[in-house]
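> Sharing a structure here in structure tokens format.
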Amino acid sequence: MNFVLQEVKNYLGIITVNRPDALNALNAKVIEELTDSVNSMINNEDVGVVILTGSGEKSFIAGADIKKMQTMNSEKALEFGKSGQNLTLLIENSPKPFIAAVNGFALGGGSEVSLACHIRVASENAKFGQPEVLLGILPGWGGTQRLPRIVGYGIAHELITTGKMIDAAEAFRIGLVNHIYPLAELMEKSKDLGHQILKNGPNAIAKSLLCIRKSVNSNIESGLNYELQRFSELFDTDEAKEGLSAFVEKRKPNYR
Ligand code: CAA
């Protein structure tokens, strides 16, 4: 891979988009490599949580590659948009939590990749925005769908129609990011969060993510029914037996 770095250590996968000379903007090749990397993390039994970040100290992902989009017609844009949507869906539907460690600009498609992650943490210098309307286009990798679900319709309408950039403090205020850290601490703090999650049962985590996803598109009754089925299924797993017994026996559970 030329544009994506990946490592796995102690069940924590780290994916770094590595195209710093273009502020980690995503062209078709980077999207392809990123998709392969996300797939490999999802399929790797030695990975329980994935951190996604950008290389350098300035940018997470500065969006889709504008230089490539400049020459696209609607047919090419459909294909390009689809590849970005497939990537974001893959992340969102992952049974393993993805943490976006946003280390700078998360603009356009970069913001949209972070929105697909289950948790966002940011460095103090992070900047978020959906500046597509400034370019005469719109957020095409899920921004119009995921941003309102995370920050609410009113704020999403303003962010998308003005295209304005917001800083980390504002992103925290509107619930877009869970935590803000100095840049030098971002990765360590993200890893700490990952390790906190890794202490817990992998099946329980995967099914919790499924249930939370379900809550977005279903009424409360069918969501509750879905949750109940996943809840009861877990009782047949070794994992639940271990977790429940460990509590009763006053010891730490061993899931991995
Ligand atoms: N696509 C292609 N190249 C990009 C890029 C992008 N999205 N963002 C930055 N770059 C390139 C710049 O062209 C520049 O390359 P050159 O040195 O070859 O000129 C290099 O990265 C460094 O960028 P700047 O010199 O512009 O750095 P800066 O610090 O002055 O500004 C910035 C930083 C404010 C992020 C500015 O680069 C910028 O506004 N980038 C575009 C951000 C944007 O509009 N993103 C949304 C794209 S649309 C989209 O993503 C659609 C979608 O929904 C999928």
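> Among the candidates Lys207, Lys164, Lys189, which residue alone is in contact with a helix residue (DSSP H, G or I) (Cβ under 9 Å, 6 or more places away or on another chain), basic (Lys, Arg) and assigned by TED's automatic domain parsing to the domain that holds Pro131?
Lys164
> Quick check on region 10-22: of everything there that is over 17 Å from Ala101 (Cα atoms) and within 16 Å of the ligand (Cβ to nearest atom), which residue is least open to solvent (accessible area, probe 1.4 Å)?
Taking the candidates together, the pick is Ala22.
> Considering only region 147-168, state which residues are closer than 19 Å to Ala62 by Cα and in contact (Cβ under 8 Å) with a residue 40 or more places away in the chain.
Those that are closer than 19 Å to Ala62 by Cα and in contact (Cβ under 8 Å) with a residue 40 or more places away in the chain: Met165, Asp167, Ala168.
> Here's another thing I want to ask about it. Out of curiosity, is Leu34 more than 10 Å from the ligand (Cβ to nearest atom) and within 21 Å of Gly104 (Cβ to Cβ)? Full working, then the answer.
Details: more than 10 Å from the ligand (Cβ to nearest atom): yes; within 21 Å of Gly104 (Cβ to Cβ): yes.
Answer is yes for this residue.
> Kindly establish whether Ile66 is away from the ligand (no atom under 13 Å from the Cβ) and of a type in the set (A, V, I, L, M, F, W, C).
Numbers: away from the ligand (no atom under 13 Å from the Cβ): no; of a type in the set (A, V, I, L, M, F, W, C): yes.
Taking the combined requirement at face value, the residue does not satisfy it.
> What number of residues in region 84-99 are open to solvent by 50 Å² or more (accessible area, probe 1.4 Å) and either among the hydrophobic types (A, V, I, L, M, F, W, C) or out of contact with any Phe, Trp or Tyr (no Cβ under 8 Å at 6 or more places or on another chain) (or both)?
4
> Of the conditions (1) buried (at least 22 other Cβ atoms within 10 Å of the Cβ); (2) within 14 Å of the chain's Cα centre (by Cα), Ala25 fails just one. Which one is it?
(2) is the only condition that Ala25 fails.
> Here are some residues: Gly56, Gly81. Which one is within 10 Å of the ligand (Cβ to nearest atom), over 16 Å from Cys117 (Cα atoms), open to solvent by 10 Å² or more (accessible area, probe 1.4 Å) and among the small types (Gly, Ala, Ser)?
Unique residue meeting the criteria: Gly81.
> Please identify the pairs in which a residue from region 59-73 that is at positive phi has its Cβ atom under 8 Å from the Cβ atom of a residue that is more than 6 Å from the ligand (Cβ to nearest atom) and in a strand (DSSP E or B), counting only partners at least 6 apart or on another chain.
Gly63/Leu26
> May I ask you to list pairs of residues, at least six apart or on different chains, whose Cβ atoms are under 9 Å apart, with the first in region 18-32 being closer than 16 Å to Trp141 by Cα and the second being more than 8 Å from the ligand (Cβ to nearest atom) and charged (D, E, K, R)?
Ala25/Arg19; Leu26/Arg19; Asn27/Arg19; Ala28/Glu79; Val30/Arg19
> From Val113, Val102, grab the single residue that is in contact (Cβ under 8 Å) with a residue 12 or more places away in the chain, open to solvent by less than 10 Å² (accessible area, probe 1.4 Å) and more than 12 Å from the ligand (Cβ to nearest atom).
Working: Val113 fails: more than 12 Å from the ligand (Cβ to nearest atom).
Exactly one residue qualifies, and that residue is Val102.
The values are calculated or read from the model by the stated rules, or taken from the named source; none is laboratory data. Since this is a predicted model, take the numbers as computed values, not measurements. Because the Cβ atoms are built from the backbone with ideal geometry, glycine has one as well, and the counts that use them run over all protein chains shown. Protein only, heavy atoms only, side chains kept; ligands, DNA and RNA dropped before computing areas. Shrake-Rupley method; radii C 1.70, N 1.55, O 1.52, S 1.80 Å.
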